[in-house]
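S.K.: This is the structure I want to talk about, given as structure tokens.
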């Protein structure tokens, strides 16, 4: 069947080409998202991949599967953009005093980071992963892992994803990247040393488990009522708050407690549940004055460690439509 479709596609049959490639589109989008940290950029890269594949179909020697061939093209499309520097984005500026924010403890580097909705993560089942895959799929899409990837040099990033997330063998990665086996092994070693596995003492609860639901319910209750003490009791000592594309970050329990004391003191929020990167997330809606309409105030994503919250990431309103979240709510 595949050989027949390839033959038809080479003859100019666009429907045959789509039948070959469309089953892989979503997983390629997730792959490009890991590479680039931005869903918007990932979508562009998948489009570029499909165009490049169409143009290069005559040169496809069928030594590897169509899936592997597409991953090769997609990875090199991402590497080209990363090396060119064309995708660099400026950090959003924010007046700390005018917005009632405390001084940050740190300034974030990864201002282009975006969340990915749950429905895009429903890709091919685990049998499509190679035998070398080392990361649990929940960890491999978490915000913490995607953020850590963005700090790696481009080649190391590609090698780590292809080997440890997707499970391609060293020889396959060498061919996909046009690199020697020695350089692939060297890049993988350095990437593993930099990123490592999760070093948290307590793993997050299973998605949608009763343990996760209990933490989420306590968080929603504390956040919506502005109960700072209850919120702080849910946080780990090393909790972190970040808010890309705004570079301000707050690290540690005291700093984060001070941040939310400012944020929640005179504001009333309603939270609408969703999921991002396999993690609990919420559309936040703010009431202003006596207006009964609550306006979108960003997407919050929680990073859990057991029965506590070790990280909160707030994204701007422009990501909310991807999660089916409205711009306003009415009481």
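The values are calculated or read from the model by the stated rules, or taken from the named source; none is laboratory data. Just so we're clear, the structure is a prediction, and the values are computed from it rather than from any experiment. Every residue, glycine among them, receives a Cβ derived from its backbone with ideal geometry; neighbour counts consider all protein chains shown.
S.K.: Any residue at all in region 236-258 that is under 14 Å from residue 306 (Cβ atoms), surrounded by fewer than 19 Cβ atoms within 10 Å (Cβ to Cβ) and at pLDDT 95 or above?
M.R.: Filtering region 236-258 for residues under 14 Å from residue 306 (Cβ atoms) gives 236-239.
Narrowing further to those that are surrounded by fewer than 19 Cβ atoms within 10 Å (Cβ to Cβ): 237-238.
Restricting the remaining residues to those that are at pLDDT 95 or above gives 237-238.
Checked region 236-258: at least one residue is under 14 Å from residue 306 (Cβ atoms), surrounded by fewer than 19 Cβ atoms within 10 Å (Cβ to Cβ) and at pLDDT 95 or above.
S.K.: Also: Which is touching a strand residue (DSSP E or B) at 6+ places or on another chain (Cβ under 7 Å) and farther than 22 Å from residue 204 by Cβ, of 229, 316?
M.R.: Going through 229, 316 in turn, just one is touching a strand residue (DSSP E or B) at 6+ places or on another chain (Cβ under 7 Å) and farther than 22 Å from residue 204 by Cβ: 316.
S.K.: Since residue 105 meets every condition but one in (1) surrounded by 13 or more Cβ atoms within 10 Å (Cβ to Cβ); (2) under 20 Å from residue 247 (Cα atoms); (3) at pLDDT below 95, which condition does it not meet?
M.R.: Unmet for residue 105, out of (1) surrounded by 13 or more Cβ atoms within 10 Å (Cβ to Cβ); (2) under 20 Å from residue 247 (Cα atoms); (3) at pLDDT below 95: (3).
S.K.: Is it true that residue 153 is over 25 Å from residue 72 (Cα atoms), within 18 Å of the chain's Cα centre (by Cα) and not assigned by TED's automatic domain parsing to the domain that holds residue 304? Lay out the reasoning, then the answer.
M.R.: Working: over 25 Å from residue 72 (Cα atoms): no; within 18 Å of the chain's Cα centre (by Cα): yes; not assigned by TED's automatic domain parsing to the domain that holds residue 304: yes.
So residue 153 fails the test.
S.K.: I've got another one for you. List the pairs whose first member sits in region 131-151 and is free of Cβ contacts under 8 Å to residues at least 40 places away in the same chain, whose second member is part of a loop (DSSP other than H, G, I, E, B) and crowded, with 16+ Cβ neighbours inside 10 Å, and whose Cβ atoms are under 7 Å apart, counting only residues at least 6 apart or on separate chains?
M.R.: Short answer, once both residue conditions are applied: 131/167; 132/167; 132/168; 133/166; 133/167.
S.K.: With the structure loaded, tell me whether residue 293 is in contact with a strand residue (DSSP E or B) (Cβ under 9 Å, 6 or more places away or on another chain) and without any contact (Cβ under 8 Å) to a residue 40 or more places away in the chain or whether it fails that test. Lay out the reasoning, then the answer.
M.R.: Numbers: in contact with a strand residue (DSSP E or B) (Cβ under 9 Å, 6 or more places away or on another chain): yes; without any contact (Cβ under 8 Å) to a residue 40 or more places away in the chain: yes.
For residue 293, the condition - in contact with a strand residue (DSSP E or B) (Cβ under 9 Å, 6 or more places away or on another chain) and without any contact (Cβ under 8 Å) to a residue 40 or more places away in the chain - is met.
S.K.: Inside region 1-91, counting only helices (runs of 4 or more DSSP H) that do not spill past its ends, which hold 2 or more residues that are within 27 Å of residue 138 (Cα to Cα)? Steps first, answer last, please.
M.R.: Working: elements: 2-10, 14-21, 25-36, 39-56, 66-84.
Those helices (runs of 4 or more DSSP H) span 25-36, 39-56, 66-84.
S.K.: Looking at residue 99 and the list (1) modelled with pLDDT of 95 or more; (2) more than 19 Å from the chain's Cα centre (by Cα); (3) under 25 Å from residue 282 (Cβ atoms), which single condition is not satisfied?
M.R.: If we test residue 99 against (1) modelled with pLDDT of 95 or more; (2) more than 19 Å from the chain's Cα centre (by Cα); (3) under 25 Å from residue 282 (Cβ atoms), just (1) comes out false.
S.K.: Hey, which of the strands (runs of 3 or more DSSP E) in region 203-279, taking only ones fully inside, have at least 3 residues that are in contact with a helix residue (DSSP H, G or I) (Cβ under 7 Å, 6 or more places away or on another chain)? Full working, then the answer.
M.R.: Numbers: elements: 235-243, 246-251, 268-276.
Of the strands (runs of 3 or more DSSP E) lying wholly inside region 203-279, those with at least 3 residues that are in contact with a helix residue (DSSP H, G or I) (Cβ under 7 Å, 6 or more places away or on another chain) span 235-243, 268-276.
S.K.: Can I ask one more? Across region 110-144, what is the number of residues that are at pLDDT 90 or above and outside any helix (DSSP H, G or I)?
M.R.: So the count comes out to 10.
S.K.: Answer yes if at least one residue in region 283-295 is within 20 Å of residue 225 (Cα to Cα), under 18 Å from the mean Cα position of the chain (by Cα) and buried (at least 21 other Cβ atoms within 10 Å of the Cβ), and no otherwise.
M.R.: Taking region 283-295 and keeping what is within 20 Å of residue 225 (Cα to Cα), we get 283-295.
Applying the additional criterion that residues be under 18 Å from the mean Cα position of the chain (by Cα) yields 283.
Add one more test, that the residue is buried (at least 21 other Cβ atoms within 10 Å of the Cβ), and what stays is 283.
Checked against the condition, which is being within 20 Å of residue 225 (Cα to Cα), under 18 Å from the mean Cα position of the chain (by Cα) and buried (at least 21 other Cβ atoms within 10 Å of the Cβ), region 283-295 yields at least one hit.
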